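Reading through the structure tokens given below for one structure.
The values are calculated or read from the model by the stated rules, or taken from the named source; none is laboratory data. Please read all numbers here as calculations on a predicted model, not as lab measurements. Counting neighbours? That spans all protein chains shown, and the Cβs are built from the backbone with ideal geometry, glycine included.
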Amino acid sequence: MGCSCISSKLKDKYTLEDIISTEYNSSKKEIISIYPLTSYVKNVFYLINKIRTNPSGFIKAIEQAEKFIKEINGRKIFWYNDIKIALNEGISMFNDCKNYLNSIQPMDEINFCDEIVLECPTEENKIKEKNYFKEKILEKKDKCGIKAYFRDSIYIPEISVLLMIVDDSSKNPRKKRECLLNPNFKYIGISASDYINNNNENNIIINTKEDNNENNAEKNNEGNEKNNGGNIYNNEDRFKEEKINININNESKRKAFCAYFTLK
């Protein structure tokens with residue numbers, strides 16, 4: 001299938017508020033795809049290319065986002081509105097990201113490619129099914145030449161991209177960042193499930209990475225890398241909900257959400 005490249009005139013510098021308040025013009029940022037194009041997919045694609053063409057310009061957004069780093073019960077949390085994501089290093093990784101963005105050169109925009117898009121489920125049980133993503137990858141990885149792949153669970157596209165670029169995970173940190181800002185990758189596939197907000201929860205819900213012993217996929221990937229020198233990352237972050245005894249009014253309980261990313 002053909003792949004469509006998107007180009008645009010970009011601002012030199014921008015803040016987190018600038019990014020989130022941006023009205024995306026679909027006529028200028030059109031993605032030709034047979035798959036349903038949610039606003040998440042469009043906005044994420046636009047923003048990734050914005051950072052690729054001007055990496056150092058995104059430093060301002062990283063700096064501004066640091067004010068959302070909190071510490072609760074000894075845990076570092078990125079807390080933006082109703083989104084609470086567990087961090088590993090916190091401010092030091094944000095600084096690491098700024099240094100990285102300042103050190104790399106602008107690169108070409110990445111092209112949206114239907115061929116490597118993994119169709120994302122909308123049914124909640126499938127969104128939560130940990131093997132569903134792996135099955136979709138196995139169907140297309142070798143056939144379509146997919147070199148890197150991961151999933152995300154943050155429904156606000158701008159915050160999703162921000163935290164993928166910072167990439168402060170305890171498992172394979174910086175790998176998503178290096179994939180999205182890799183000049184050798186020419187094509188990307190993005191899909192996302194629907195999102196619905198239900199304001200009926202009064203406790204803070206924090207997404208924390210599950211500590212589990214499921215390493216089969218990683219071992220397989222390590223074998224692939226040794227055999228063919230590939231750059232394959234199964235950097236899927238698995239999250240579980242953990243309630244902390246802090247009450248706030250009108251806290252929103254999110255419907256399950258996921259987004260799939262593939263690159264080659």
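Residues are listed down the side, and each one gets a yes or a no for (1) out of contact with any Phe, Trp or Tyr (no Cβ under 7 Å at 6 or more places or on another chain); (2) modelled with pLDDT of 85 or more; (3) polar (S, T, N, Q):
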{"position": "5", "(1), (2), (3)": "yes, no, no"}
{"position": "8", "(1), (2), (3)": "yes, no, yes"}
{"position": "14", "(1), (2), (3)": "yes, no, no"}
{"position": "29", "(1), (2), (3)": "no, no, no"}
{"position": "38", "(1), (2), (3)": "yes, yes, yes"}
{"position": "44", "(1), (2), (3)": "yes, yes, no"}
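Residue under question is residue 209, and the condition is that it be within 20 Å of residue 97 (Cβ to Cβ), modelled with pLDDT under 95, in contact with an Asp or Glu (Cβ under 7 Å, 6 or more places away or on another chain) and surrounded by fewer than 22 Cβ atoms within 10 Å (Cβ to Cβ); does it hold? Yes.
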